[in-house]
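**Student:** Okay, handing you the structure first.
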Amino acid sequence: MSYALIAANVGMFAFELARGAGLGGPTAEEMIGLGGDLAALACHGQSWRLLSAMFLHYGLIHLGLNMLCLYQIRFVERMLGHAEFLALYLAAGLVGGLASLAVHPNAVSAGASGAVFGMFGAFTAVMFARRKRVDPDRWNRTMRSLGMFFAINLVYGLAERGIDLSAHVGGVGVGLVGGFVLAKTASPTARRPLRALLVAVLGAGIAFGGLYLLPG
């Protein structure tokens, strides 16, 4: 699933280039035409933009950084399972997109960062849920690394106007909750497709339902 998601994002960037965008990325107006997220449209009949925006990026650097992070966190797929990983990735991205609309209603948002940060949140949650199974020294080193990762991205997000910190926070929140529940309820007899479906439905319900709660 990790490699399939990377391929999907790269494929969509190739589509952006084919539609006339440069390597620096499309303009805000061009991004709207490609499927970028804008509150005025998403809240009025075009809720599908929450999903399409997850696979669009503002340039090669934006795409590269997100895909590098997704590649680095791909091992979470082995921890959760293929179906659960994909479902949680999509749920984190959708809710992250909703958070972005709520905080920046006039911005045209796009990118996989909400979903990718959700996977870092899921990894953090799994480490807490399975703490007794991990060597204490290894657990402490891992948590320090995760803490540094989140701290650096928080500072960078606050310092750079172009960083959608709200999407990151929304995605991490979904990853933390979803990852912890999935890790705690995992068993050899668990019905993975059903669990994945529940995660996807809940995530989509929160995201698309939340559009109706945003101010007109």
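The values are calculated or read from the model by the stated rules, or taken from the named source; none is laboratory data. Just so we're clear, the structure is a prediction, and the values are computed from it rather than from any experiment. As a convention, Cβ positions derive from the backbone with ideal geometry for all residues, glycine included, and neighbour counts pool all protein chains shown.
**Student:** Looking only at residues in the range 128-168 that are among the charged types (D, E, K, R) and under 28 Å from His104 (Cα atoms), which one is surrounded by the most Cβ atoms within 10 Å (Cβ to Cβ)?
**Tutor:** Asp164
**Student:** To continue, here is another question. May I ask you to verify whether Met79 is assigned to a helix (DSSP H, G or I), farther than 30 Å from Pro215 by Cβ, touching a residue at least 24 places away in the same chain (Cβ under 8 Å) and within 17 Å of the chain's Cα centre (by Cα)?
**Tutor:** In short, no.
**Student:** May I ask you to list pairs of residues, at least six apart or on different chains, whose Cβ atoms are under 8 Å apart, with the first in the range 1-17 being modelled with pLDDT of 95 or more and part of a helix (DSSP H, G or I) and the second being surrounded by 14 or more Cβ atoms within 10 Å (Cβ to Cβ) and polar (S, T, N, Q)?
**Tutor:** Note: pairs meeting the criteria are Asn9/Asn66.
**Student:** In contact (Cβ under 8 Å) with a residue 24 or more places away in the chain, within 12 Å of the chain's Cα centre (by Cα), under 30 Å from Gly33 (Cβ atoms) and not in a helix (DSSP H, G or I): does that describe Gly111?
**Tutor:** Yes; evaluated as a whole, the condition is true for this residue.
**Student:** Here's a follow-up. Anything in the range 172-186 that is in a helix (DSSP H, G or I) and in contact with a Leu (Cβ under 9 Å, 6 or more places away or on another chain)? List them, or say none.
**Tutor:** Of everything in the range 172-186, those that are in a helix (DSSP H, G or I) and in contact with a Leu (Cβ under 9 Å, 6 or more places away or on another chain) turn out to be Val174, Gly175, Gly178, Gly179, Leu182, Ala183.
**Student:** Considering the range 187-214 alone, what residues qualify as being free of Cβ contacts under 8 Å to residues at least 12 places away in the same chain and outside any helix (DSSP H, G or I)?
**Tutor:** The answer is Ser187, Pro188, Thr189, Ala190, Arg191.
**Student:** Something else about it: Which one of these is of a type in the set (Gly, Ala, Ser) and at pLDDT 90 or above: Gly20, Gly36, Gly25?
**Tutor:** Gly36
**Student:** A follow-up question, please. Does the range 1-27 hold any residues that are buried (at least 16 other Cβ atoms within 10 Å of the Cβ) and not charged (D, E, K, R), and which are they?
**Tutor:** Result: Met1, Ser2, Leu5, Ile6, Asn9, Met12, Phe13, Ala21, Gly25, Pro26.
**Student:** Another question, if that's okay. Do we have Gly205 as closer than 15 Å to Ile73 by Cβ, surrounded by 12 or more Cβ atoms within 10 Å (Cβ to Cβ) and not polar (S, T, N, Q) here? Walk me through how you get there before you give the answer.
**Tutor:** Details: closer than 15 Å to Ile73 by Cβ: no; surrounded by 12 or more Cβ atoms within 10 Å (Cβ to Cβ): yes; not polar (S, T, N, Q): yes.
Judged against the criteria, Gly205 is not a match.
**Student:** So, in the range 151-165, how many residues would count as being closer than 17 Å to Gly96 by Cβ and either small (Gly, Ala, Ser) or modelled with pLDDT of 85 or more (or both)?
**Tutor:** Residues that pass the stated criteria total 2.
**Student:** Still on this structure: Condition first: touching a residue at least 24 places away in the same chain (Cβ under 8 Å) and assigned to a helix (DSSP H, G or I). Can you find one or more residues in the range 153-163 that meet it?
**Tutor:** yes
**Student:** Listed residues Ala107, Ala125; which is over 27 Å from Leu56 (Cα atoms), small (Gly, Ala, Ser) and either crowded, with 24+ Cβ neighbours inside 10 Å or out of contact with any Cys (no Cβ under 8 Å at 6 or more places or on another chain) (or both)?
**Tutor:** Details: Ala107 fails: over 27 Å from Leu56 (Cα atoms).
One residue alone meets the criteria, Ala125.
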